[in-house]
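Written out below as structure tokens is the structure these notes cover.
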Amino acid sequence: MKKYFPTIAFVMVALASLAMAGFAYLAGEQAARFKFEAVADDVVYRVESRIDLHVSVLRAASGMFAASQVSRDEFRAFFGALGAEEHLEGLKGLGFLALARNGSDIASIENKIRDYHGVSRRIFPRSDLETKAPVLLFEPLNSETTSGLGFDMYADHLRREAIQAAIDTGQPRASENLLLGKNMGGDIEQGFFIFYSVDLPAPTGYVTAGAPTGGLLYAAIRTADLFGSVFAQFPPLPARATIFGSDAGPDKVLFESPLAASGQFGDEFLVTRKLIVAGQTWTLQLRPTADFSRPSSRFIPIMLGLFGLLLAGAMAIAARNQIRALETASLLHEATEKSLVDKDLMLQEMKHRIKNSITRVLAIARQTASGSKDIAEFSSSFGARLQAMAASQDMLTRSRWQKADLAELLRIELGQVFGTKLPDDMLVGQTVLLSEAQTQALGLTFHELATNAMKYGEAGESFDALRVSWSVSQQDGARLLELRWRETANKQIQPPAKTGFGTKLIDMNIIHELGGVIRRDYGETALVIDIDIPLAGAAHLAKTGIDRDSNAQTGHEEVGTDRSRLSEIL
């Protein structure tokens with residue numbers, strides 16, 4: 001046994017070294033594949049970025065068309081501002097197709113071509129299709145491309161499929177690979193179109209009445225220039241590409257890198273990617289070029305296998321364990337700090353809300369006492385207002401201080417005053433979710449309005465005398481709650497001779513707390529109160545200069561400001 005032990009040991013170590021060297025070699029090959037897949041992903045990203053840029057141009061142009069009727073000079077100025085030659089590689093031109101459904105539409109479009117371009121042009125080619133999509137605008141427009149004005153792209157089946165898909169989906173849609181310039185004049189090159197439907201404001205003179213869309217913008221893109229710019233972009237990509245259209249057939253090739261870009265790598269490094277381009281599926285086949293370098297030398301695995309992979313493996317395991325221990329400690333530390341920060345934020349938020357509630361209660365108590373004749377009247381009024389506040393707080397608590405439903409808030413506050421179930425037709429409006437501040441302020445407001453209706457109106461005798469309706473509208477990009485409180489009566493309703501605390505409280509809540517507007521109309525047979533409140537909350541913050549949420553998170557004190565404001569208003 002001792003005689004053969006050196007041989008056995010040598011064979012075992014040699015086999016282990018060769019096995020590890022082979023593993024390192026395979027790992028190097030796999031790393032090279034991963035590296036080239038990253039290159040392929042970069043190619044896909046660059047292609048997507050280029051396409052997205054062209055689509056963004058179409059979207060920007062659609063906004064201009066949707067805003068107003070675009071003249072030829074405006075369209076030319078828009079195209080000139082794009083700097084297409086410098087920033088939009090591959091863009092052959094940008095155009096607009098006007099949809100035509102009948103003879104009057106066709107005549108209108110032909111008149112538009114004459115008015116815009118000073119040439120008489122009939123829509124061509126002739127087709128039996130009901131829908132037509134002739135070229136009305138195109139840039140850059142020159143003596144060669146002018147001949148394409150009036151060309152009906154809907155007559156060509158390749159273009160028609162993409163146009164119809166763009167109309168049906170309302171999204172950008174690319175065509176199959178085709179020849180550009182064949183009908184629009186200029187050089188004939190391989191490329192494709194991206195169509196984008198546009199809803200135009202009426203009347204425009206070239207929009208079909210009742211049509212789902214007024215027209216389509218389109219971008220004509222040269223495939224050779226588009227993909228050439230992708231591979232010419234710095235840093236250059238060591239990849240040779242073959243890009244196919246809807247399938248990988250030889251007649252569907254959109255682009256192929258020159259053979260001079262081929263390298264020493266075979267199909268074992270071939271990477272295939274699928275790419276959705278404006279509704280069309282492209283297939284990208286990528287192979288490394290001679291400029292592609294492996295991440296490591298092939299001799300390194302042999303050296304590692306011969307001189308110390310075992311030791312390196314042990315050190316790697318030790319280092320990995322040490323790193324894991326450090327990461328675990330770091331995560332534990334971060335979790336602890338986050339827990340402390342969350343706890344402090346919760347305490348500050350609780351402190352903030354309690355102080356605000358106390359300030360509001362003190363102000364209501366003081367003003368209720370000043371307007372009460374005796375303890376009994378004070379107790380009744382003050383208790384009712386506290387009950388209204390409690391109802392709002394209860395709704396917010398049940399929703400975890402997120403949102404409260406306007407209809408439910410009205411039912412609760414009016415039910416507390418009238419003491420019975422409200423009829424279904426008393427409250428009419430869509431679903432509206434209120435914030436914390438809106439819920440608290442409107443809860444008190446509805447309580448005061450209901451109390452006045454009970455005392456001085458006829459709502460206490462018949463629920464038919466009271467109706468509350470609301471809706472939400474858009475004004476200057478902001479959502480506005482429009483609420484109407486209507487009390488009918490059999491006699492002339494006179495405005496009060498003296499402004500009471502309830503009216504002051506309502507005005508404070510609507511105008512100062514919520515940044516809204518309140519209007520009262522005392523008519524012969526009805527009292528109508530209109531309340532407009534911005535729902536987003538930004539208007540309120542701009543008016544008051546107070547951001548309660550941010551103050552609660554940072555721990556800043558604002559109760560003194562609220563208290564002084566309440567005292568001044570009430």
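Values computed for the structure shown
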{"read-out": "Karplus 3J(HN,Hα) series, Hz, for the stretch 140-153 with 6.51 cos²θ - 1.76 cosθ + 1.60 (x for Gly, Pro)", "value": "x, 9, 9, 4, 7, 6, 4, 5, x, 4, x, 5, 7, 5"}
{"read-out": "Accessible surface, per residue, of the stretch 64-207 when the full set of protein chains is kept, probe 1.4 Å, Å²", "value": "45 Å²"}
{"read-out": "Distance (nanometres) between label positions extended 7 Å along Cα→Cβ at Lys455 and His333", "value": "6.4 nm"}
{"read-out": "Whole-percent carbon and sulfur share, accessible surface of the stretch 50-97, 1.4 Å", "value": "51 percent"}
{"read-out": "For the stretch 476-538, alpha-carbon Rg relative to the globular expectation (2.2 N^0.38 Å, N residues)", "value": "1.28"}
{"read-out": "Approximate spin-label separation Asp41-Arg114, in nm, with each point projected 7 Å along Cα-to-Cβ", "value": "6.0 nm"}
{"read-out": "FRET efficiency, 1/(1 + (r/R0)^6) with R0 25 Å, evaluated for Asp374 and Ala497 via beta carbons", "value": "0.70"}
{"read-out": "Length released on extending from Ser143 to Ala224, taking residue separation times 0.36 nm less the Cα-Cα span", "value": "26.7 nm"}
{"read-out": "Exposure of Ser143 as accessible area (Å², to 10), given a probe of 1.4 Å and all protein chains", "value": "110 Å²"}
{"read-out": "Within the accessible area of the stretch 476-529 (1.4 Å probe), percent carbon and sulfur", "value": "47 percent"}
{"read-out": "Rh by Kirkwood over Cα pairs, then Stokes-Einstein D for the stretch 25-145 at 1.306 mPa s and 10 °C, µm²/s", "value": "90 µm²/s"}
{"read-out": "With all protein chains modelled, accessible area of Leu386 [1.4 Å, Å²]", "value": "60 Å²"}
{"read-out": "Nitroxide proxy distance, nm - points 7 Å out along Cα→Cβ at Asp187 and Ala232", "value": "1.1 nm"}
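The values are calculated or read from the model by the stated rules, or taken from the named source; none is laboratory data. Just so it is clear, the model here is predicted, and its values are computed rather than measured. No Cβ is skipped: glycine too gets one built from the backbone with ideal geometry, and neighbour counts run over all protein chains shown. The area values use the complete protein model at the heavy-atom level, side chains included, leaving out ligands, DNA and RNA. Shrake-Rupley method; radii C 1.70, N 1.55, O 1.52, S 1.80 Å.
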